[in-house]
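These notes concern the structure reproduced below.
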Amino acid sequence: MKSYSATDVGQKRKINQDSIFASEQPVGNLPNLFIVADGMGGHNAGDFASRYAVSTVRDSILHSQERNPIKLIDEAIHLANKGILSEAAEHAEMTGMGTTIVVTTVVDGYAYTANVGDSRLYLYDGGLKQITRDHSLVEEMVRLGEISEEDARNHPDKHIITRALGAASDVDIDFFDYKIPPDGIILMCSDGLTNMVDDIDIRKIIERSLTARERAEALIETANENGGKDNIAVVIIEPDADEVEEC
């Protein structure tokens, strides 16, 4: 397995509220673990929420005796949600903070993924497929046929999400499991990438003969060239590759 992960503050923001974790080595009973979180909230609350979610999910998985990947991730995300709500209740300046999250692990050729919010996971297998579903107001409008995908891209409400950690006492998590084809590539990212770079251009970068690090850096560079209006988080995972590349 080879992976590379990076975040960038972008061109417009002063604080980076995106947090990531990437380990090709075992974390507890999982053989590897990758997380992207995109925080929201005033002051430093969004930054805190995303970092708290990532560290709580990691630590929960590290110390859990559970062996089922889905149950491990489910327990960890629920624990992170509970903790964010508790921290917000105790600190007035953190009221209303929250974060998206997408988590994945690759086990024996299959990937197990969970997401809440609009941070995404894609699988490249000769074409680019979005595995996760955005939990956003505009995506719901697309699903209901009220607007087109093209209209959604520039819709004024595109940043309104319908699910997040810290939004409610019980968090609704989507889970996905899928087989990784030979030479398949996984991309995890925050909306700071996907709002600035469309899927066609993401696919073109993924298809280039680049290392995992070069792909991630090219995606971030392109997002910034296109305006960099938000923080950008990117994780590239090449499950079939032998050489590990560290960020």
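Read the figures in this text as sums done on the coordinates, not as results from a lab. Just so we're clear, the structure is a prediction, and the values are computed from it rather than from any experiment. Cβ: placed from backbone, ideal geometry, glycine included. Neighbour counts: every protein chain shown.
In table form, for the structure just shown:
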read-out	value
Reach of Lys12 by Cα under 19 Å, taken over lysines that are not fewer than 8 positions away in the same chain	Lys158, Lys229
R0 of 30 Å, Cβ-Cβ distance Glu140-Glu90: FRET efficiency to nearest 0.05	0.40
Gained length - Glu214 relative to Asp172, 0.36 nm times residue gap less alpha-carbon distance	11.7 nm
For Asp172, Asp47, order by how many other beta-carbon atoms lie within 10 Å, fewest first	Asp172, Asp47
Segments 74-82, 124-132 sorted - mean Cβ within 10 Å per residue, highest first	74-82, 124-132
For the chain, size of Cβ-based charge dipole, Lys and Arg +1, Asp and Glu -1, in debye	240
Under 5 Å, built H, 5+ apart or other chain: amide partners of Asp174	Asn115
Whole-Hz ³J(HN,Hα) from phi, Karplus 6.51 cos²θ - 1.76 cosθ + 1.60, for segment 227-232, glycine and proline x	x, x, 6, 9, 4, 10
Amide H contacts of Ile131 (H built 1.01 Å from N, under 5 Å, at least 5 apart or other chain)	Leu121, Tyr122, Leu123
Ellipticity estimate at 222 nm from DSSP helix runs (n ≥ 4, -39,500 (n - 2.57)) divided over the chain, nearest 500	-10000 deg cm²/dmol
Between segment 2-37 and segment 66-87, the Cα center-to-center distance that results, in Å	17
Estimated Rh, the chain: Kirkwood, alpha-carbon pairs, angstrom	17.9
Sorted by Cβ density within 10 Å, fewest first, the residues Phe34, Phe176	Phe176, Phe34
